[in-house]
Amino acid sequence: MAAVAVSAAAIDPPLKMPHRKMEATAPSTYTTLSVNQDYSSVSWMTYGPEAHFDYGQMTPFKRVCAVAGKTNTNGTGHVFVLDAIGGTGNAAVLHIYKQNATAYPSITPWKTVELAKVVSADVAPCHMAVLGDFVYLGTQASSIYAQVNWKTQETFQGWICTSMKPTVSVTATNDFAIISQDGCFAGYNKDGQMVIDGGETHPTFVAGTNAHIVV
């Protein structure tokens, strides 16, 4: 089983570290990711007792603002990189990579989805979560959020509040995803169907394995 960790780091590309034996209770393979200081690339490094050590880079981007992953029990999976202003007219772009974290690790480009209605800004915080076959994302510079089927690249771009407020959080558990837009929220099930929406006085979220950052 593969594990993915994300951090902001100044070293780019990562230094090749000596292979070290890992505890038997640890996952068989780790893939770590780090975003470089100018947010133009994401470095990856895979290591573990059942894998050949390897590393590489996902690049180029105009401004990486969110990274997520979805791995399978056999070590394969996908990595999702949101470039806040990578498209035409500063539109957000979702980059989808295939990940192989087995004996011969690799992360290779697969699909790119430009989100023409999610127009962002260079310093705007981004939010992204993955549930089932869907990626949910938005930025605090845009009142439009997006739902992307990462398998088919079919995309929905819209808003929740008629007052057109920006996306302030996107969170998910194993069964449910919430998009909060500073006054209204919408919830989606694992099949990508909106099952609830409503007003809010504070951002609405679900508690998943990654913490929702309050401040």
Practice item. State whether one or more residues within the stretch 133-147 are acidic (Asp, Glu) and under 16 Å from LYS190 (Cα atoms). Key: yes
Exercise for review: Would you tally the residues in the stretch 48-64 being open to solvent by less than 30 Å² (accessible area, probe 1.4 Å) and assigned to a strand (DSSP E or B)?
Suggested key: 3
Revision key, fill the gap. Heads up, the strands (runs of 3 or more DSSP E) in the stretch 98-201 (entirely inside) with at least 1 residues that are under 23 Å from CYS65 (Cβ atoms) are 106-119, 126-131, 134-139, 145-149, 155-158, 169-172, 176-180, 184-189
Point to revise | Hits in the stretch 90-123 (condition: open to solvent by 60 Å² or more (accessible area, probe 1.4 Å), under 18 Å from THR29 (Cα atoms) and over 17 Å from the mean Cα position of the chain (by Cα)) | key: TYR104
Review point. When residues of the stretch 164-179 are filtered for being farther than 19 Å from ASP191 by Cβ and open to solvent by less than 70 Å² (accessible area, probe 1.4 Å), how many remain?
Key: 4
Exercise for review: From THR204, THR162, THR152, grab the single residue that is of a type in the set (S, T, N, Q) and in contact with a Ser or Thr (Cβ under 8 Å, 6 or more places away or on another chain).
Suggested key: THR204
Check your understanding: For the stretch 124-158, how many residues meet the condition of being within 16 Å of the chain's Cα centre (by Cα) and charged (D, E, K, R)?
Key -> 2
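The values are calculated or read from the model by the stated rules, or taken from the named source; none is laboratory data. Computed from a predicted model, the values in this text were never measured in an experiment. Positions of Cβ are backbone-derived with ideal geometry, glycine not excepted, and every protein chain shown enters the neighbour counts. In case anyone asks, the SASA skips ligands and DNA or RNA and just uses the protein heavy atoms, side chains included. Shrake-Rupley method; radii C 1.70, N 1.55, O 1.52, S 1.80 Å.
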